[in-house]
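Data block below; observations after.
The values are calculated or read from the model by the stated rules, or taken from the named source; none is laboratory data. Since we're looking at a predicted model, the values are computed, not measured. In this analysis, Cβ positions are derived from the backbone assuming ideal geometry, glycine residues included, and neighbour counts consider all displayed protein chains.
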Amino acid sequence: MKMYREHEKIQPYMSLFNLEQIFADAASLPFQLREYDSDEYVLAEGNELDGLYFQVEGLTRVSSSVETGKSLLLRFCHPLSIFGDIELIQKVVVQSQVQAVKPSKFLFIDIQTVERNLMQDYRFLNELLKHLSYKLQTCTAASRINSLASVEERFAIYLMSTRLPKEFGKEISTPHIPEIASVIGTTPRHLNRLIQKLSDLEILCKKRKGFVVLDWERLDELSNGLRYD
């Protein structure tokens, strides 16, 4: 991780995302610009939160460990995303792993500054509320679908959600079978069997390194009109 404090490195991102508008006095805040290489961890599950991270460049992978020791993919994040908001409000340790998929950059504010200067800033709290409510909405929708729908339905819902995605559809979109399996709550082996079944039905066409959808209408019927987003 590389860290910068120079105003000329930070200000372009402040302007690009209009971040001055979400703080009562942005000029007084000791922002840092943090750069992470591909595969580098930004936040590690179980660690104490050291501050708030505003993703301003790159792509990150958010996952959570389960009892088996495996990792459950939650979403991919693009700018502008905020990390540390849940932990800040709940006063708990970091709940999810955040890892850079591509070189990524964050504006960072240390936890002491956040607690001392921002927890009474109504502009900041309003922005935090927007991000928290979005996470609650999308996690609730995904949990409901993964709990009540069959694997076949969940796979169809996933494909329909990522075909012309809204924001959350973009966050769960991936070409990798193991990651798709993780999102819809199944195993890669089970998903590969399902892909073969749908290929036999000519809904999908199985390829060496994946698949192609042939019949979106029949896939939509399988999804029962439900979407992750």
Being outside any helix (DSSP H, G or I) and not hydrophobic (A, V, I, L, M, F, W, C) narrows 137, 99, 112 down to just 99
The lone condition residue 73 fails out of (1) part of a strand (DSSP E or B); (2) touching a Lys or Arg at 6+ places or on another chain (Cβ under 9 Å); (3) within 24 Å of residue 127 (Cβ to Cβ); (4) not hydroxyl-bearing (Ser, Thr, Tyr) is (3)
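Table: residues versus (1) of a type in the set (A, V, I, L, M); (2) over 19 Å from residue 111 (Cα atoms).
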| residue | (1), (2) |
| --- | --- |
| 9 | no, yes |
| 53 | no, no |
| 71 | no, yes |
| 74 | yes, yes |
| 77 | no, yes |
The correct count of residues that are under 21 Å from the mean Cα position of the chain (by Cα) and either in contact (Cβ under 8 Å) with a residue 60 or more places away in the chain or assigned to a helix (DSSP H, G or I) (or both) in segment 8-58 is 17
Considering segment 91-133, residues that are more than 21 Å from residue 22 (Cβ to Cβ) and without any contact (Cβ under 8 Å) to a residue 60 or more places away in the chain, and then whichever is surrounded by the fewest Cβ atoms within 10 Å (Cβ to Cβ), we arrive at 91
Checked segment 2-32 for anything among the aliphatic types (A, V, I, L, M), at pLDDT 95 or above and surrounded by fewer than 13 Cβ atoms within 10 Å (Cβ to Cβ); matches are 3, 16
Per the filter on segment 140-161, residues free of Cβ contacts under 8 Å to residues at least 24 places away in the same chain and surrounded by 12 or more Cβ atoms within 10 Å (Cβ to Cβ) are 144
Among 161, 133, 223, the single one that is out of contact with any Ser or Thr (no Cβ under 8 Å at 6 or more places or on another chain) and more than 24 Å from residue 80 (Cα to Cα) is 223
Of the residues in segment 59-69 that are part of a strand (DSSP E or B) and in contact with a Ser or Thr (Cβ under 7 Å, 6 or more places away or on another chain), the one that is farthest from residue 105 (Cα to Cα) is 65
Of (1) among the small types (Gly, Ala, Ser); (2) in a loop (DSSP other than H, G, I, E, B); (3) farther than 22 Å from residue 72 by Cβ, residue 173 satisfies every one except (3)
